[in-house]
Structure formats: structure tokens, C-alpha cells
Amino acid sequence: QVQLVESGGGLVQAGGSLRLSCVASGHTFSGYTMGWFRQAPGKEREFVAAISRTGGTFDYKDSVKGRFTISRDNAKNTLYLQMNNLKPDDTAVYYCAASDRYTWSRVHTDYDYWGQGTQVTVSS
């Protein structure tokens, strides 16, 4: 079982940038497909980005393509989400998640392990 801890959230003006990190412990990080999800107040949790075990394949929600970059450093057991040109619609709690059952998924129920979340607030 893997434990996940996110950090890096905060308050930023529209057009600004943030870099989220997710540190994993307790199991071999490279054995997990990793994803970022977000949940805004009153809305369902939604897929943001995912990355394969080796880091060679990526997938993004359409609305963040070209602005967000997902990456991982398996030697440091860390997942990242670089977010540029942030918009007020990006405001949400961001969660990292791990799956050892699927090589790829945008579905949050396919991920078994979750961090506690980090708040991202983008002001207009």
C-alpha cells in the first residue's frame, strides 16, 4: 500500500503558475500509474492528468492541455503537476492518486490510493 501527500497549492492570480507535488511512501512508486484529479465545491471529482509508470505516456483533460504538465521522478518517489496560465475555473482541491490495477485510466474509481488534497484558488 502506498501513502500520498500533496503540497504546493495556494492562492494565485489568473495567468499565474503553481507547481503541485505529491510524495509517495510505503511501496514501490514506479509500480503505480499516477493521476491528478480535482474537485470544485458542488461538483464531482474530475480527471486532470495521468502518467504511466515509466513516465513516458501522458494524458490530459482537454481544458488543461497546453497549460498543465504532469511529470514524475521515480527516484524521488514524487509526482508533479506544473500549472501555468491558471484560470478561475481551475479553482478546486487537487488530489493525486495511484493505481496498481490499471495501466491507464481517467476514471477516479480505478485509482485505489489518494492523497488528502491541496487547495488551489485562482482569483480573477
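Going through the range 50-60 one residue at a time, which ones are of a type outside the set (Phe, Trp, Tyr) and open to solvent by less than 60 Å² (accessible area, probe 1.4 Å)?
Of the residues in the range 50-60, the ones of a type outside the set (Phe, Trp, Tyr) are 50-57, 59.
Correct list: ALA50, ILE51, SER52, GLY55, GLY56, ASP59.
Among the residues that make up the range 25-32, is at least one of them part of a loop (DSSP other than H, G, I, E, B), closer than 18 Å to VAL122 by Cβ and open to solvent by 30 Å² or more (accessible area, probe 1.4 Å)? Working first, answer last.
Of all residues in the range 25-32, those part of a loop (DSSP other than H, G, I, E, B) come to 26-28, 32.
Remaining after also requiring closer than 18 Å to VAL122 by Cβ: none.
Looking for residues that are part of a loop (DSSP other than H, G, I, E, B), closer than 18 Å to VAL122 by Cβ and open to solvent by 30 Å² or more (accessible area, probe 1.4 Å), one finds none in the range 25-32, hence no.
Mind listing whichever residues of the range 8-24 are in a strand (DSSP E or B), among the aliphatic types (A, V, I, L, M) and closer than 16 Å to MET83 by Cα? Don't jump to the end; show me each part of the working.
Keep residues of the range 8-24 that are in a strand (DSSP E or B), which gives 10-13, 18-24.
Checking which are among the aliphatic types (A, V, I, L, M) leaves us with 11-12, 18, 20, 23-24.
The answer is LEU11, VAL12, LEU18, LEU20.
Residues in the range 61-92 that are assigned to a strand (DSSP E or B) and open to solvent by 40 Å² or more (accessible area, probe 1.4 Å) were compared, and the one that is farthest from ARG106 (Cα to Cα) is ASP73. Within the range 1-24, if we keep just the residues that are within 12 Å of the chain's Cα centre (by Cα) and open to solvent by less than 20 Å² (accessible area, probe 1.4 Å), the residue that is farthest from ALA97 (Cα to Cα) turns out to be LEU20. Has the range 6-26 got at least one residue that is in contact with a strand residue (DSSP E or B) (Cβ under 7 Å, 6 or more places away or on another chain) and at pLDDT below 95? Yes, the range 6-26 has at least one match. Of the residues that sit in the range 33-49 and are out of contact with any Phe, Trp or Tyr (no Cβ under 7 Å at 6 or more places or on another chain) and open to solvent by less than 40 Å² (accessible area, probe 1.4 Å), which one is farthest from VAL93 (Cα to Cα)? So, considering only residues that are out of contact with any Phe, Trp or Tyr (no Cβ under 7 Å at 6 or more places or on another chain) and open to solvent by less than 40 Å² (accessible area, probe 1.4 Å), the one farthest from VAL93 (Cα to Cα) is MET34.
Of these, VAL5, VAL48, which one is under 15 Å from SER105 (Cα atoms), out of contact with any Asp or Glu (no Cβ under 7 Å at 6 or more places or on another chain) and either touching a residue at least 24 places away in the same chain (Cβ under 8 Å) or not in a loop (DSSP other than H, G, I, E, B) (or both)?
Details: VAL5 fails: under 15 Å from SER105 (Cα atoms).
Result: VAL48 is the single residue among VAL5, VAL48 that is under 15 Å from SER105 (Cα atoms), out of contact with any Asp or Glu (no Cβ under 7 Å at 6 or more places or on another chain) and either touching a residue at least 24 places away in the same chain (Cβ under 8 Å) or not in a loop (DSSP other than H, G, I, E, B) (or both).
Taking the criterion of being under 21 Å from THR28 (Cβ atoms), touching a residue at least 40 places away in the same chain (Cβ under 8 Å) and either in a strand (DSSP E or B) or open to solvent by 20 Å² or more (accessible area, probe 1.4 Å) (or both), the residues of the range 96-124 that qualify are CYS96, ALA97, ALA98, SER99, ASP100, TYR102, THR103, TRP104, TYR113, TRP114. LYS76 satisfies every condition listed in (1) at pLDDT 95 or above; (2) under 25 Å from VAL12 (Cα atoms); (3) of a type outside the set (Val, Ile, Thr); (4) more than 14 Å from the chain's Cα centre (by Cα) except (2).
The values are calculated or read from the model by the stated rules, or taken from the named source; none is laboratory data. None of the values given here were measured: they were computed from a predicted structure. Here the Cβ is made from the backbone with ideal geometry for all residues, glycine too, and neighbour counts use every protein chain on show. Accessible surface is based on the protein model in full, side chains and every heavy atom, while ligands, DNA and RNA are left aside. Shrake-Rupley method; radii C 1.70, N 1.55, O 1.52, S 1.80 Å.
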